[in-house]
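Undergrad: Before I ask anything, let me first share the structure, which is written out below as structure tokens.
The values are calculated or read from the model by the stated rules, or taken from the named source; none is laboratory data. The model shown is predicted, which means the values in this text are computed figures rather than measured ones. Methodologically, a virtual Cβ is constructed for each residue, glycine included, from the backbone with ideal geometry; neighbour enumeration extends over all protein chains shown. When the accessible area is computed, the model is the full protein with side chains, heavy atoms only, and any ligands, DNA or RNA have been set aside. Shrake-Rupley method; radii C 1.70, N 1.55, O 1.52, S 1.80 Å.
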Amino acid sequence: ALFIVCLDDTNPKSIEEFSKDLLHSTPNNINRYFDKSIQIIVSNDGKSGIVMEHAGFDGHTLTRYAEYIHSFKPD
């Protein structure tokens with residue numbers, strides 16, 4: 001697979017809480033696959049983020065990928 005989509009059942013209240021959820025998940029959402037290159041994580045309220053294991057490729061590649069996805073975000 002090119003990436004994994006993790007659907008979380010969380011509603012983070014702040015960017016700090018969401019950042020912790022991205023990296024560590026929560027006791028109710030144990031769905032992180034750190035052996036995969038790219039994980040797209042979407043919370044229950046629609047916030048999304050990307051976690052990557054960059055040994056296989058450069059971080060600029062993922063940044064460009066995220067920028068491309070963001071260009072389709074509705075206004």
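Undergrad: Tell me, what % of the accessible area of the chain is carbon and sulfur with a 1.4 angstrom probe? Provide the component values of the computation, followed by the final result.
TA: Working: 3240 of 5630 Å².
Whole-percent figure for carbon plus sulfur exposure: 58.
Undergrad: Let me ask something else. Loop sites only, by DSSP: take the chymotrypsin sites (Phe, Trp or Tyr not before Pro) in the chain that have at most 10 other C-beta atoms within 10 Å and name the longest stretch containing none of them.
TA: On the way: sites that count: PHE34, PHE72.
Answer from the scan: 35-71.
Undergrad: Here is a further query. Running Debye on region 31-72 with equal point scatterers at the Cα sites and no solvent, what base-10 log of I(q)/I(0) appears at q = 0.17, 0.27 Å⁻¹?
TA: Rounded to two decimals, the profile gives -0.50, -1.03.
Undergrad: Still on this structure, please answer the following. Using Cα pairs closer than 8 Å and at least 6 residues apart in sequence, work out the relative contact order for the chain, in percent. Write down the numbers at each step before the final one.
TA: Values: 81 pairs, mean separation 23.5, N = 75.
Once normalised by length, the contact order is 31 percent.
Undergrad: Stokes-Einstein D for the chain at 37 °C, 0.692 mPa s, Kirkwood Rh over Cα pairs, in µm²/s? Can you show the working numbers first?
TA: Numbers: Rh = 13.0 Å.
It diffuses with D of about 252 µm²/s by this estimate.
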